[in-house]
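These notes are about the structure you will find just below.
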């Protein structure tokens with residue numbers, strides 16, 4: 001696969017010719033919403049075997065070899081070059097496919113009407129998934145579970161050898177509830193009741209894994225949460241299931257805040273089979289415009305995690321969405337609208353605005369003015385931002401990645417998963 005960023009005056013036909021591809025193949029691979037109205041700065045994934053590189057001023061065979069990790073003699077042989085001659089600027093070089101590494105891929109899914117949506121989503125991306133985490137069974141203060149309509153998702157997972165994972169949360173009325181978490185963590189009787197109920201559902205419906213996602217816990221409940229996880233891990237493994245957790249994005253063990261203090265990275269790394277780092281929502285719907293998962297911030301979290309947890313127990317979170325903020329941003333004002341990467345491209349094409357790229361955050365963004373004269377700022381994910389995240393996963397040799405949330409269309413992501421990784425199947 002090749003990532004190409006559209007420049008001024010380029011057409012789909014011209015881009016396809018440059019890469020020995022066909023316009024229809026590029027349209028199909030990217031599910032392009034704007035094939036006849038490309039946007040300056042729009043990233044396209046070119047579906048070719050290997051990559052092309054166009055020689056830039058100052059390039060040499062040595063520098064290109066180091067940059068792409070391809071031996072000089074292989075570049076020379078593939079492109080029939082004379083190694084004693086300088087490379088002319090603009091020369092197109094063919095480079096072989098990058099080596100793939102193995103990893104786990106988790107996708108969270110939220111069952112919602114209509115009931116056939118989840119099976120269609122799983123069928124489309126199932127070959128790229130190791131785990132399907134179904135969000136969520138909410139615990140009550142009595143230790144009961146509030147179910148979701150999960151059967152269609154579970155049934156869709158098995159043909160693709162995906163591990164169905166039941167997600168337990170302390171959510172009440174759509175928000176994580178501190179008091180609810182405290183009630184469970186302060187009672188061994190309630191903890192065992194929650195687990196009894198979870199295992200009954202898992203056996204009945206065919207789940208193979210348990211994910212515990214308790215958030216906004218009191219700092220003083222940190223040890224109680226660890227103890228609950230130890231109990232859950234022991235009992236889960238006795239049942240033959242896997243156990244995992246979701247963790248707030250911390251950059252140190254001393255980080256303060258309602259989201260962070262009860263999440264003990266070293267303890268989770270010791271207790272459970274793997275943990276999902278929720279490395280997203282720096283830019284969130286109620287906050288000021290910024291990248292949802294800026295790479296510089298994601299890196300800080302993951303580097304802390306690998307310093308205190310086994311890297312083969314870490315799944316790095318990746319968002320499949322962006323936000324469209326109406327400006328000016330006012331704290332406590334209207335929330336930003338969540339959008340898919342496909343919708344972001346459509347908006348940029350509709351209003352004829354170029355897409356820019358923040359090199360520090362490794363994220364695309366743009367601004368536009370709507371028909372009512374209101375200004376907007378949009379941050380989202382594209383092929384470049386996803387590849388940057390994949391490079392970090394490979395650099396730190398993590399177990400894998402985890403996506404929030406699977407209903408959102410982002411075909412470029414799955415093209416790059418296939419290009420970078422061999423996805424493990426654990427069923």
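The values are calculated or read from the model by the stated rules, or taken from the named source; none is laboratory data. Keep in mind the model is a prediction, meaning the values are calculated, not measured. For neighbour counting, all protein chains shown are included, and Cβ atoms are generated from backbone atoms with ideal geometry for every residue, glycine included.
I'm told residue 268 meets every condition in (1) surrounded by 24 or more Cβ atoms within 10 Å (Cβ to Cβ); (2) under 23 Å from residue 381 (Cβ atoms) except one. Can you identify the failing condition by its number? Result: residue 268 fails condition (2) only.
Quick grid of which residues meet (1) modelled with pLDDT under 95; (2) over 29 Å from residue 419 (Cα atoms); (3) within 21 Å of the chain's Cα centre (by Cα):
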| position | (1), (2), (3) |
| --- | --- |
| 128 | no, no, yes |
| 140 | no, yes, no |
| 155 | no, no, no |
| 165 | no, no, yes |
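When the residues of the stretch 230-253 are filtered to those that are over 13 Å from residue 305 (Cα atoms) and part of a loop (DSSP other than H, G, I, E, B), the one that is nearest to the chain's Cα centre (by Cα) is 241.
Restricting the search to the stretch 113-124, which residues are more than 14 Å from residue 163 (Cβ to Cβ) and buried (at least 20 other Cβ atoms within 10 Å of the Cβ)? Give the derivation first.
From the stretch 113-124, those more than 14 Å from residue 163 (Cβ to Cβ) are 113-121, 123-124; that's our starting set.
Passing the criteria: 118, 121.
Only one entry of 103, 81 meets the criterion of being farther than 19 Å from residue 2 by Cβ, assigned to a loop (DSSP other than H, G, I, E, B) and at pLDDT 95 or above, and that entry is 81.
For every residue, the table says whether it meets (1) outside the structural domain of residue 246 (by TED's automatic domain parsing); (2) touching a residue at least 60 places away in the same chain (Cβ under 8 Å); (3) buried (at least 17 other Cβ atoms within 10 Å of the Cβ).
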position	(1), (2), (3)
106	no, yes, yes
126	no, no, yes
133	no, yes, yes
143	no, no, yes
158	no, yes, no
171	no, no, yes
197	no, no, yes
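How about the stretch 275-308: which of its residues are in contact with a strand residue (DSSP E or B) (Cβ under 7 Å, 6 or more places away or on another chain), under 13 Å from residue 250 (Cα atoms) and assigned to a loop (DSSP other than H, G, I, E, B)? Of everything in the stretch 275-308, those that are in contact with a strand residue (DSSP E or B) (Cβ under 7 Å, 6 or more places away or on another chain), under 13 Å from residue 250 (Cα atoms) and assigned to a loop (DSSP other than H, G, I, E, B) turn out to be 278, 279, 280. Exactly one residue among 23, 47, 88, 96 is free of Cβ contacts under 8 Å to residues at least 40 places away in the same chain and surrounded by 11 or more Cβ atoms within 10 Å (Cβ to Cβ), and that residue is 23. Filtering 216, 268 for residues that are in a helix (DSSP H, G or I), touching a residue at least 12 places away in the same chain (Cβ under 8 Å), more than 15 Å from residue 146 (Cα to Cα) and touching a strand residue (DSSP E or B) at 6+ places or on another chain (Cβ under 8 Å) leaves a single hit, 268. Residue-level check: of (1) loosely packed, with under 15 Cβ neighbours inside 10 Å; (2) on the phi > 0 side of the Ramachandran plot; (3) in contact (Cβ under 8 Å) with a residue 40 or more places away in the chain, residue 41 misses just (1). Checking every residue in the stretch 115-123 against the condition of being in a loop (DSSP other than H, G, I, E, B), in contact (Cβ under 8 Å) with a residue 12 or more places away in the chain and over 18 Å from the mean Cα position of the chain (by Cα) gives at least one match. If you go through the stretch 176-195 and keep only what is buried (at least 17 other Cβ atoms within 10 Å of the Cβ) and part of a helix (DSSP H, G or I), you end up with 178, 180, 181, 182, 183, 184, 185, 190, 191, 193, 194, 195.
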